[in-house]
Amino acid sequence: MDVLTKNITLGISEDKWAHAIKDPLFRKKLYAGLISAIITLGSLPFFFQHIEQRNGIVIPDMVLNFFPSMDVSIPIFTMLWSMTILIIVRSVQSPKLFVTVLYGFVFMELSRMMTIILFPLNPPEHLIPLVDPLSNSFYGKSFITKDLFYSGHTATMFLFFLCFRRKTDKLLSLLCSIAVGVLVLIQHVHYTIDVIAAPFFTTICYLVGKKIVAVKNKTVTAE
């Protein structure tokens, strides 16, 4: 029964993608998003290594004073990549969701690069390096501490929350977003303002990406 259900689900996903790819406008949006994502991800190591060399300011943060500095890398890593796997699974089932996540992520990373440039900050006191072998691969050779305003981990989780369609997925991702936001403060890898600002900027990026994806296809609706 499980095998049959899996085959039926896979067939539906394949039909949706085959149907969507037939539309020239969807293909353009898909390829443009993929190319933009590749270029953005490829530039991140150079960008992060550059900003790590500059000097910034330290922000007084009363909230951080209430959190003892602790290494909570494992729960952060677990929640982030569990939600990433889930969004990939849902995206396989929906071309429209995949492209929405893709554009939302690209705009989110570009906006983070802009805000990090505009607001140079030094890391909070008592920072404990966040151990995330997958995410850290985009930082380059040395550990990065100055990619602060705004929080990329919190923003990524909140982007997933905005993109998910199922109520259970949205609830789970929202809880993980809140948990990750608190945990990065406990580890002192971000200021409070970095975490608070993340949902605001992410929502804007999501809405821009969603608007691009929502441009009506001429022949196909890629659900």
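The values are calculated or read from the model by the stated rules, or taken from the named source; none is laboratory data. The structure displayed is predicted, hence computed values, not measured ones. Here Cβ is always computed from backbone atoms with ideal geometry, including for glycine, and neighbour counts include all displayed protein chains.
Descriptive notes on the structure:
- Verdict on I39 being surrounded by fewer than 18 Cβ atoms within 10 Å (Cβ to Cβ), more than 22 Å from L148 (Cβ to Cβ), β-branched (V, I, T) and modelled with pLDDT under 95: no
- Number of the exception - L44 against (1) surrounded by fewer than 15 Cβ atoms within 10 Å (Cβ to Cβ); (2) assigned to a helix (DSSP H, G or I): (1)
- Evaluated against (1) in a helix (DSSP H, G or I); (2) modelled with pLDDT of 95 or more, I212 falls short on exactly one condition, (2).
- Which listed residue, of D147, D71, is within 15 Å of L185 (Cβ to Cβ) and either in contact (Cβ under 8 Å) with a residue 24 or more places away in the chain or not in a helix (DSSP H, G or I) (or both): D71
- Condition check for P60: in a loop (DSSP other than H, G, I, E, B), surrounded by fewer than 18 Cβ atoms within 10 Å (Cβ to Cβ) and without any contact (Cβ under 8 Å) to a residue 40 or more places away in the chain: yes
- Of all residues in the stretch 78-110, those that are surrounded by fewer than 18 Cβ atoms within 10 Å (Cβ to Cβ) and among the hydrophobic types (A, V, I, L, M, F, W, C) total 7.
- Given (1) surrounded by fewer than 17 Cβ atoms within 10 Å (Cβ to Cβ); (2) out of contact with any Gly (no Cβ under 6 Å at 6 or more places or on another chain); (3) not hydrophobic (A, V, I, L, M, F, W, C), number of the condition K16 does not satisfy: (1)
- Cβ-Cβ under 7 Å pairs, at least 6 apart or on other chains, the stretch 38-55 side hydroxyl-bearing (S, T, Y), far side assigned to a helix (DSSP H, G or I): T40/V106; T40/E109; T40/L110
- Residue check for T5: farther than 19 Å from L97 by Cβ, among the β-branched types (V, I, T) and at pLDDT below 95: yes
- For the stretch 77-135, a residue qualifies if it is among the polar types (S, T, N, Q) and not in a helix (DSSP H, G or I), and the qualifying residues are S94, N122.
- Extreme residue, farthest from the chain's Cα centre (by Cα), among residues of the stretch 158-209 that are assigned to a helix (DSSP H, G or I) and charged (D, E, K, R): K167
- Qualifying residue in the stretch 129-151 (condition: β-branched (V, I, T), surrounded by fewer than 18 Cβ atoms within 10 Å (Cβ to Cβ) and modelled with pLDDT of 95 or more): no
- Residue within the stretch 23-34 that is modelled with pLDDT of 90 or more, assigned to a helix (DSSP H, G or I), aromatic (F, W, Y) and closer than 22 Å to F158 by Cα present: no
- Picking from residues in the stretch 63-77 that are of a type in the set (A, V, I, L, M) and crowded, with 16+ Cβ neighbours inside 10 Å, the one that is nearest to the chain's Cα centre (by Cα) is I76.
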